[in-house]
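Inspection log for the structure reproduced underneath, given as structure tokens.
The values are calculated or read from the model by the stated rules, or taken from the named source; none is laboratory data. No experiment lies behind these values; they were computed from the predicted model shown. Glycine gets a Cβ as well: all are built from the backbone with ideal geometry, and neighbour counts include every protein chain shown. Accessible surface is based on the protein model in full, side chains and every heavy atom, while ligands, DNA and RNA are left aside. Shrake-Rupley method; radii C 1.70, N 1.55, O 1.52, S 1.80 Å.
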Amino acid sequence: MSAIQNHLQNITNELPQGVTLVAVSKYHPASDILEAYHGGQRVFGENLAREMQNKHDILPKDIQWHFIGHLQKNKVKYIAPFVSMIQSVDSIQLLQEIDRQAAKHNRIIPCLLQIHVAQEQTKFGLTFQECLDLLEEGSWRQLTHIRIDGIMGIATHTEDTSLIRKEFQSLNNLFKQVKETYFLNDDNFSYKSWGMSDDYQLALQENSNTIRIGSAIFGNRPSKESLQ
Ligand SMILES: *Cc1c(COP(=O)(O)O)cnc(C)c1O
């Protein structure tokens, strides 16, 4: 068993039932993905559209690709034919473009609303109020080729576990509020995507059901600049 398969198995073995593990393979070569694939992993996360497209072209077709990074509207077309989920929707304009591209391929693309919960200013995402405003405004209901399936967030990068826990709790509270207000009878609205390599145990204690793990599976990431 390879190191990647070993890490993967250690993580999967301790996951509670019903938790989706997204193996974050960004900047890692396709060969690393294939190792995880042969270890049983099928869901992978990428944050560059072209990189995801290139990998999709050469890797097994039963892989489910989750987009997890800031997505520019003009890049949606590269992933619309095959992407399983876009976890990082942060505007109505992006949602409209995903809908437009998905329609061309006769698909419905499941999306998560990315919430800016961390203290770092550099992170992307909707504030809690922007998220509620977007849903309240209501034009998303007309988009027939997207689905809003839940929310995603990235906690502050810190040693302060009580801050991380508070951020996860506020994501969970937002999820509950949004579910009750807009998606009460919609079973698809069920994704609570929080937790990465350093904080996923905490995330699971705070009701996450989708964790996105990169370095704990694949080791240190090559730099973005190492991509050709
Ligand atoms: C890179 C990334 C991850 C994985 O980070 P690790 O710390 O390597 O587990 C998870 N989520 C998002 C949105 C990312 O960009």
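Compute, for the chain, the length of the dipole vector about the Cα centre, with Cβ point charges of +1 (Lys, Arg) and -1 (Asp, Glu) only. Units Debye, rounded to 20.
So the dipole magnitude of the chain works out to roughly 660 debye.
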Exercise for the section: Starting from the exponent 0.38 and prefactor 2.2 Å, build the expected Rg for region 108-185 from its residue count and divide its actual Cα Rg by it. Expected result: 1.17
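Dipole size in debye (nearest 20) for region 92-170 around its Cα centre, Lys and Arg Cβ +1, Asp and Glu Cβ -1? List each step's numbers first, then the result.
Working: 8 positive and 11 negative charges, 83 e Å.
Dipole magnitude for region 92-170 comes out near 400 debye.
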Completion exercise
The FRET efficiency for ARG42 and ARG107, from their Cβ-Cβ distance with R0 = 22 Å and rounded to 0.05, is 0.75
Completion exercise
Out of SER223, SER170, ASN188 - ranked by how far each Cα lies towards the positive end of the dipole of region 141-228, with unit charges on the beta-carbon of charged residues - the top one is ASN188
Exercise for the section: Only Cα pairs under 8 Å and at least 6 apart count here; give the relative contact order of the chain as a rounded whole percent. Expected result: 20
Handout entry: For region 70-122, the fraction of alpha-carbon pairs in successive 5 Å shells from zero, as %
Key = 4, 20, 33, 21, 10, 7, 3, 1
Completion exercise
region 99-129 and region 1-74 have their Cα centres apart by a whole-number Å value of 19
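Stretch GLN9-SER197 to full length: gain in nm at 0.36 nm per residue minus the Cα-Cα span? Walk me through the numbers on the way to the answer.
Working: separation 188, 0.36 × 188 = 67.68 nm, distance 1.43 nm.
In short, 66.2 nm is gained.
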Exercise for the section: Determine how large the accessible area of LYS104 is when every protein chain is in place; take a 1.4 Å probe and give Å² rounded to the nearest 10. Expected result: 140
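Averaged per residue, what accessible area in Å² does the chain show with a 1.4 Å probe, protein chains only?
The answer is 48 Å² per residue.
Computed over the Cα atoms of region 34-78, what is the ratio Rg over Rh, Rh following Kirkwood?
On the way: Rg = 11.0 Å, Rh = 11.1 Å.
Dividing the radius of gyration by the Kirkwood radius yields 0.99.
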Exercise for the section: Among GLY45, PRO16, GLN101, flag the residue with its Cα farthest along the positive direction of the charge dipole of region 1-104, charges on Cβ as +1 for Lys/Arg and -1 for Asp/Glu. Expected result: GLN101
Exercise for the section: Could you give me the percent of Cα pairs per 10 Å distance bin for the chain, shortest bin first, beginning at zero and ending with the bin that holds the maximum distance? Expected result: 8, 33, 38, 19, 2, 0
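For the chain, what % of the accessible area comes from carbon and sulfur atoms, probe 1.4 Å? Walk me through the numbers before you get to the answer.
Numbers: 5010 of 11020 Å².
About 45 percent, which is the carbon plus sulfur part of the accessible surface.
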Handout entry: Virtual spin-label span in nm between ASN74 and THR156, 7 Å along Cα→Cβ
Key = 3.6
Fill in the blank from the handout: Largest fluctuation, THR122, THR156, THR12 only, Gaussian network model of the chain with Cα springs under 10 angstrom, belongs to THR122
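For every other residue with a beta carbon closer than 12 angstrom to the beta carbon of TRP140, add +1 if it is Lys or Arg and -1 if Asp or Glu, then tell me the sum. Provide the component values of the computation, followed by the final result.
Details: positive: ARG141, ARG147; negative: ASP99, ASP133, GLU136, GLU137.
Taking every other residue near TRP140 into account, the sum is -2.
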